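Novice: One structure follows; several queries about it will come next.
Each reported figure results from applying straightforward, stated rules to the coordinates on display, with no laboratory input. Note that the structure is predicted; figures quoted are calculated from it, not measured. Positions of Cβ are backbone-derived with ideal geometry, glycine not excepted, and every protein chain shown enters the neighbour counts.
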């Protein structure tokens with residue numbers, strides 16, 4: 001095999017396409033997220049047997065599932081972002097084959113909201 005043939009086979013697009021079934025949508029840029037919010041998000045992800053490295057984090061104030069079609073997520077969890085045509089919080093929604101769970105912003109999650117979120121996430125991830 002020649003060097004040019006090796007290079008053609010070396011860099012395939014599939015290698016660079018990071019596939020993550022879980023997408024987190026936050027309503028502000030990552031650089032504005034407080035340390036306490038990051039710690040809380042990491043705790044939530046750890047409880048779901050995930051990590052920041054294994055998910056997509058997107059910054060949007062408002063979105064629809066169609067906006068993320070290119071990423072093909074099977075689960076979207078929104079924190080503080082608005083889901084177009086829905087005001088449901090802490091409920092499992094199925095939209096075009098994608099499960100969506102919406103919650104308040106991370107810093108607004110008190111104990112009652114955390115319990116509601118956890119109950120919904122358990123249904124999504126353990127069913």
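Novice: Would you please classify the overall shape of the range 23-82 from the alpha carbon gyration tensor, given that a ≥ b ≥ c denote the square roots of the eigenvalues, rounded means a/c under 1.5, and beyond that prolate means a/b larger than b/c while oblate covers the rest?
Specialist: Taking the square roots of the gyration eigenvalues as a ≥ b ≥ c, the range 23-82 is oblate.
Novice: Kirkwood hydrodynamic radius for the range 27-125: how many Å is it when counted over pairs of different Cα atoms?
Specialist: Kirkwood hydrodynamic radius for the range 27-125: 13.8 Å.
Novice: Now, a different point. Could you check the spin-label model distance between residue 49 and residue 112? Points 7 Å from the Cα along Cα→Cβ, value in nm.
Specialist: So the label points at residue 49 and residue 112 sit 3.3 nm apart.
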